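Each value in this text was obtained by applying a stated rule to the coordinates, not by laboratory testing. What you see is a predicted model; the values in this text were computed from it and never measured. Every residue, glycine among them, receives a Cβ derived from its backbone with ideal geometry; neighbour counts consider all protein chains shown.
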Amino acid sequence: MANSDLMPVDDAIDHLLRQARPITGTESVALTNSLDRVLARDYTVPADVPPADNSAVDGYAVRAGDLSSDAMLPVSGRVAAGEAPGSLQPGTAVRIFTGSEIPAGADSVVMQERVSVADDGITIDALVSEGQNIRRRGQDLARGELALAKGTKIRPQEMGLLGSMGVAEVEVYNRLKVAILTTGDELVDPGQPLAPGQIYNSNRYTLQGLLAKAGCEVVLCETLADTRDETRSTFKRTAVEADLIITSGGVSVGEEDHVRAVLEEDGNLSLWRMAMKPGKPLAFGSIGDTPVLGLPGNPASVLVTFLVVGMPLIRACQGRTAISGHGEQMPAGFSIETPSVRREYVRARKGIGDNGPVVNASPNQSSGVLSAACWAEGLAVVPENTTIGIGDTVTYFSFAELLE
Ligand code: AMP
Ligand code: MG
């Protein structure tokens, strides 16, 4: 295959997104258990948050018009947070605390540091402007506005916002059910001895970790021998249970590459060599109605292709609306002297160079080297047909952003 047959990474992602069918099943979960789930409906604000004007400081509620210089104001009441506020008698002050509702008739709060307290009242040593130190009713959320849109992933702050609106049960999409199928006659599970020719299966654990972070439910995790029959029967069985099947290995064009062959014979297949490094071969297709994402076999390729092309697909299938991050622009602390037609995703992490923050690359970028990914904290992008010199700007994606 010539280099011109390599599919640009962005085209591959677009193709996957066009094929993605967002999950439709929903469930109601307790707010406490809603972290990392995806909202299955819009949430509009049922009542103003906060529900009433309240004090931003500890101090005294007054009416600005009552104050002349050196006026002594008697303290006519006290409102602690959680108490009904009552009303302010004209010409007096009410002792008030952060979060206390403002008494009717008061229009300002003077912080206690600006007040001298005597037996018969308070004097204020500052100018008071109407409305000062008052947090307005509805300043966070106004009744009727859209607070959170369907398709939003729930982070801690969304949990809090839903709580502030009084939501106890949240309507979310069902978790995406994913099957992991690692392929290869050479694979042995950790805990077993290795015979000549065998290696330990690492991809299944990388994928388990990635899918857990991505908020998916791993419904099945099996290792397949390199035979057509086993690949076919496992695909058919798995497709019934899973919303998405992710495989590793077996997607090249050798005679032991049965993932590709079974998709072609029993489902449908789009197979590309992507213009991506690491991770050239990628298969995508379906068995029955279940999409199958066939990742390459090399351990670093699995990680990188999952993060770069797998995560956008997964987000779309999860019903999320925010599909891709932006990364950040950083000066390179490494150089790439030979341009490549493939876009390279360099295992990298931030460091400090002579002139400030830089992105450093792990020295060994081989697709079989997973230790470089453990050193790394993200991926730096070297665009197609480009060289990089020290100090040139590159886009850096942290693993955290790639998995958001
Ligand atoms: P394949 O695409 O099946 O030819 O695999 C490419 C390379 O990745 C080979 O060196 C495999 O031994 C290796 N490999 C495939 N699957 C795994 C796995 N689950 N864990 C570790 N290495 C793997
Ligand atoms: Mg193989």
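One quarter of the convex hull surface built on the alpha carbon atoms of the range 65-159 amounts to 8.3 nm², the projected area averaged over directions.
Simple spin-label estimate for residue 120 and residue 14 gives 8.2 nm between the two label positions (7 Å along the Cα-to-Cβ direction from each Cα).
Measuring max minus min along each principal axis, the C-alpha atoms of the range 100-203 give extents of 92, 34, 21 Å (largest first). Axis of helix 203-213 versus longest Cα principal axis of the chain: the two differ by about 20°, to the nearest ten degrees.
Any idea what % of Cα-Cα pairs in the range 167-265 are farther than 23 Å?
Working: 1602 of 4851 pairs.
Looking at the range 167-265, the distances longer than 23 Å represent 33 percent of pairs.
Remark on the range 256-404: hydrodynamic radius 16.4 angstrom, per the Kirkwood mean of 1/r across alpha carbon pairs. Full extension of the segment from residue 321 to residue 129, taken as 0.36 nm per residue of separation minus the current Cα-Cα distance, would add 64.7 nm. The simple spin-label model puts a point 7 Å past each Cα toward its Cβ; for residue 375 and residue 5 those points are separated by 3.4 nm.
Taking a ≥ b ≥ c as the square roots of the eigenvalues of the Cα gyration tensor of the range 330-370, is the shape rounded (a/c under 1.5), prolate (a/b larger than b/c) or oblate? Note, shape of the range 330-370 comes out oblate. Here residue 136 and residue 328 are evaluated by their C-beta separation; at R0 = 25 Å the FRET efficiency comes out at 0.10. Note on residue 390 and residue 192: the extension gain reaches 66.7 nm, defined as 0.36 nm multiplied by sequence separation minus the Cα-Cα distance. State whether the range 233-335 is rounded, prolate or oblate according to the following rule on the C-alpha gyration tensor (a ≥ b ≥ c being the square roots of its eigenvalues): a/c under 1.5 gives rounded; otherwise a/b larger than b/c gives prolate, and the remaining case gives oblate. The shape class here is oblate.
For the pair residue 337 and residue 35, the difference between a 0.36 nm per residue extended length and the Cα-Cα distance amounts to 104.3 nm.
Which FRET efficiency value, to the nearest 0.05, do you get for residue 47 and residue 27 by plugging their Cβ-Cβ distance into 1/(1 + (r/R0)^6) with R0 = 25 Å? Let's see the in-between values first.
Details: r = 26 Å, r/R0 = 1.03.
Here the calculated transfer efficiency is 0.45.
Relative to the dominant Cα principal axis of the chain, helix 228-241 is inclined by about 20°.
If you take the alpha carbon atoms of the range 1-157 and fit the smallest convex hull around them, that volume is 202 Å³ per residue. Among the GluC sites (Glu not before Pro) within the range 186-261, those in coil by DSSP and having at most 15 neighbouring Cβ atoms inside 10 Å are 186, 255, 256.
Extent along the principal axes, Cα only, for the chain: 95, 53, 42 Å, with the longest axis given first.
Taking the charge dipole of the chain about its Cα centre, with +1 at Lys and Arg Cβ atoms and -1 at Asp and Glu Cβ atoms, the residue from 197, 279, 233 reaching farthest to the positive side is 233. Tell me, what is the percent relative contact order of the chain, built from C-alpha pairs under 8 Å that lie six or more residues apart? 16 percent. Between residue 149 and residue 72, the FRET efficiency from the beta-carbon distance, with R0 = 56 Å, is close to 0.60.
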